[in-house]
1. Would you check if F102 is surrounded by fewer than 17 Cβ atoms within 10 Å (Cβ to Cβ) and of a type in the set (F, W, Y)?
2. Within the set of pairs 6+ apart or on separate chains, which have a first residue in the range 92-109 that is closer than 29 Å to L167 by Cα, a second that is part of a loop (DSSP other than H, G, I, E, B), and C-beta atoms under 7 Å apart?
3. Taking the residues in the range 81-109 that are among the aliphatic types (A, V, I, L, M) and farther than 17 Å from Y154 by Cα as candidates, determine which candidate is modelled with the lowest pLDDT.
4. Which pairs turn up if I take residues in the range 315-339 that are open to solvent by 70 Å² or more (accessible area, probe 1.4 Å) and look for partners that are not in a helix (DSSP H, G or I) with beta carbon separation below 7 Å, at least 6 apart in sequence or on another chain?
5. Given the criterion touching a helix residue (DSSP H, G or I) at 6+ places or on another chain (Cβ under 6 Å) and at pLDDT below 95, identify the matching residue among E254, E246.
6. With the requirement that a residue be more than 16 Å from T220 (Cβ to Cβ) and in contact (Cβ under 8 Å) with a residue 60 or more places away in the chain, what does the range 134-159 give you?
7. Scan the range 94-128 for residues that are among the acidic types (D, E) and on the phi > 0 side of the Ramachandran plot and jot them down.
Amino acid sequence: MDAEKSSNSSFEDLSNLNEADKADMKAASEALLDKERQAAKAAAGGSDDNNGAGEETKTANAEEEEEDVCDVLGNGQLVKRVLKKSKVNKRPQRGDKVTLNFTGKLDDGKVVEKQENFQVHVGDFEVIQGLDMVIPLMNVDEVAEVKVDPRFAYGSLGLKNDSDPELSIPPDSKLTYEVHLLDTKYEDYSDLKSYDIRKKYGTRKKERANFWYNRSEYNTAIQLYRRALEYLDNRDGDPENEFDKEDIDLSNNELQSLLDDRLIVYNNLAMAQIKISAFDAALQSVEHVLRCQPNNSKALYRKGRILEGKGDTKGAISLLQKAATLEPENRTIQQDLAKLIIKARREEHNEKKMYQKMLGQANKLEQKNKQPQKQQTVESSKLKLLGYLMGSILIGVAGVAMYRYKY
């Protein structure tokens, strides 16, 4: 007998019962429990009422505990447990600015993350994905424990802490967070009118996007670069264009500062788009930079990469040569330019080979077509010669006949 089946024999027997048998077994079980309760009541001398109340209290507490635990994804990879309930019913929405305290621990209890009065926008990947998904499920002033699988934390890369290596998070680490949601606020345009706020948010989104880019999470980086652009000047260097809101009060220096940041973000956005082969979108991003700064070497280099991706090797070489002139010490540009030149020569050689092959096939076809014509000409010449001979013979015969007839 199979050991596994043997150990589960009772389960197998139950699974083979029909519905009537199961109903009978349930009724018998309930009758047995009822008898046990009555016996216990008699033995306790009527104290069953208090016991019953205690059982009801335990049941209510168990149900309450179940309500306090939420398996967010249904697979155990992201579990939220309420540690302290809130007295208010106010939850953050996507895009809201939230303020929170949180502490992150490894399975061995070691604290590897800690933030106080930390402000993020919900849904902007400014914290790990697991927390970003749980925050909208919390009420203000609630304290919750959140268990996060590596997939929704720092994954197979982990997180290196250069300033304090002891706080580095190993690859494939499960994390447990204690999160206290302090506040949530919807920000309308009046909250974003100051230069300091726009600069702060734009810079924060850009730096977080750089974080995801360096982890090769290019789609997440692209989303955050676009969010950064929403807080920065959208005139793209054209002084004739109006700012996005008429009543914003910014000086020319402040506008220029935001524009400079915006061009940096566009350059980074283009690189992330190149990484996912979104060449048309990347070309639009880099053109924003070159329209304002035609000699921006990074933008020229990235446009060259885009043209290479679109199959325009010669155009790419031209741009990288210009970028190399502007940054002669940049080894990356020099190396990529050398590779492109080799690629262009190889393409030219292959193109010549292809043309030669095509020309050779054309010559063969032409020669093939000429052969029947030549053969036809030879046969025609033979017929003409035969005609001449026959004509000469006939003339000779006619001459002899005439001579004999005359004499």
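1. Details: surrounded by fewer than 17 Cβ atoms within 10 Å (Cβ to Cβ): no; of a type in the set (F, W, Y): yes.
Against the criterion (surrounded by fewer than 17 Cβ atoms within 10 Å (Cβ to Cβ) and of a type in the set (F, W, Y)), F102 does not qualify.
2. Pairs that qualify, where the first residue is closer than 29 Å to L167 by Cα and the partner is part of a loop (DSSP other than H, G, I, E, B), are K97/E187; V98/P92; V98/V122; L106/S173; D107/K174.
3. First, the residues of the range 81-109 that are among the aliphatic types (A, V, I, L, M): 82-83, 88, 98, 100, 106.
Of the ones still in play, those that are also farther than 17 Å from Y154 by Cα are 82-83, 88, 98, 100.
Values: V82: 97, L83: 97, V88: 92, V98: 97, L100: 97.
So the residue we want is V88.
4. As it stands, the answer is L326/N295, since those pairs meet every condition given.
5. Values: E246 fails: touching a helix residue (DSSP H, G or I) at 6+ places or on another chain (Cβ under 6 Å).
None of the other options fit; the residue is E254.
6. Pass one, the range 134-159, residues more than 16 Å from T220 (Cβ to Cβ): 134-150, 158.
Scanning the range 134-159 gives V134, L137, E142, V143, A144, E145, V146, K147, V148, D149.
7. To start, the set of residues in the range 94-128 that are among the acidic types (D, E) comprises 96, 107-108, 113, 116, 124, 126.
Listed by number, the list is empty, since nothing qualifies.
Here's the yes/no breakdown for (1) open to solvent by less than 70 Å² (accessible area, probe 1.4 Å); (2) touching a strand residue (DSSP E or B) at 6+ places or on another chain (Cβ under 6 Å); (3) at pLDDT 70 or above; (4) of a type in the set (A, V, I, L, M):
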site: K298; (1), (2), (3), (4): no, no, yes, no
site: K310; (1), (2), (3), (4): no, no, yes, no
site: G360; (1), (2), (3), (4): yes, no, no, no
site: L365; (1), (2), (3), (4): no, no, no, yes
site: S380; (1), (2), (3), (4): yes, no, no, no
site: L386; (1), (2), (3), (4): no, no, no, yes
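The values are calculated or read from the model by the stated rules, or taken from the named source; none is laboratory data. None of these values were measured; they are calculated from a predicted model. Glycine also receives a Cβ, built like all others from the backbone with ideal geometry; neighbour counts cover every protein chain displayed. Remember, those area values only see protein heavy atoms, side chains included, never the ligands or the DNA or RNA. Shrake-Rupley method; radii C 1.70, N 1.55, O 1.52, S 1.80 Å.
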